[in-house]
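Shown next, in structure tokens, is the structure this report addresses.
The values are calculated or read from the model by the stated rules, or taken from the named source; none is laboratory data. This one's a predicted model, so the numbers in the text were calculated from it and none came from an experiment. Here Cβ is always computed from backbone atoms with ideal geometry, including for glycine, and neighbour counts include all displayed protein chains. Side chains are part of the model used for accessible areas, which takes the heavy atoms of the whole protein and leaves out ligands, DNA and RNA. Shrake-Rupley method; radii C 1.70, N 1.55, O 1.52, S 1.80 Å.
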Amino acid sequence: MKELNEILVFGIMGLAIILIVFIIARYTYLTKKAMIEKGMYLEQGVNKFKYLDIGCIVFGLGIGLLVSSIFTTMQLTEDTMDLLVWGTILIFGAAGLVVAHFIRKKLEK
């Protein structure tokens, strides 16, 4: 009985996700179609810096992991070490996003 409940839960969750994606895709399609019929066509420019944010964030997270590995070698309590590790990872990830912003700003000029 427990396995049947788990199967039903995962099945319903999967169907819900599929239904949500379908509704969103259908809505955006109908919205764009209505805009084109009314003559309001939005030009979609090519984004030159498509992966700049993702690359800088991943690079920042990597550096954060590298720096946070220093804290694992110190004699700290477990709670303090966890806070320092997660804090450095998040700070370096945010720094990567800030760097991506300044790079994009510089390259768009």
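A few points about this structure:
- Residue within the stretch 30-51 that is modelled with pLDDT under 95, surrounded by 10 or more Cβ atoms within 10 Å (Cβ to Cβ) and closer than 28 Å to ILE89 by Cα present: yes
- Residue check for LYS48: farther than 30 Å from PHE102 by Cα, of a type in the set (Lys, Arg) and out of contact with any Pro (no Cβ under 9 Å at 6 or more places or on another chain): no
- Taking the stretch 61-94 as the range and being more than 30 Å from GLU108 (Cα to Cα), open to solvent by 40 Å² or more (accessible area, probe 1.4 Å) and of a type in the set (Val, Ile, Thr) as the test, the residues that pass are VAL67, ILE70, THR72, THR73, THR77, THR80.
- Filtered residues of the stretch 69-90 (kept if among the β-branched types (Val, Ile, Thr) and either within 27 Å of ASN47 (Cβ to Cβ) or not in a helix (DSSP H, G or I) (or both)): THR77
- Taking first residues from the stretch 61-81 that are under 21 Å from VAL99 (Cβ atoms) and partners that are open to solvent by 90 Å² or more (accessible area, probe 1.4 Å), the Cβ contacts under 7 Å between residues at least 6 apart in sequence or on separate chains come to GLY64/ILE91.
- Residue match in the stretch 97-108 (condition: open to solvent by less than 50 Å² (accessible area, probe 1.4 Å), within 16 Å of ILE54 (Cβ to Cβ) and assigned to a helix (DSSP H, G or I)): yes
- Going through (1) assigned to a loop (DSSP other than H, G, I, E, B); (2) more than 19 Å from the chain's Cα centre (by Cα); (3) on the phi < 0 side of the Ramachandran plot one by one, LYS50 falls short only on (2).
- Criterion: within 23 Å of VAL99 (Cα to Cα), in a helix (DSSP H, G or I) and open to solvent by less than 100 Å² (accessible area, probe 1.4 Å) - qualifying residue of VAL9, VAL21, VAL58: VAL58
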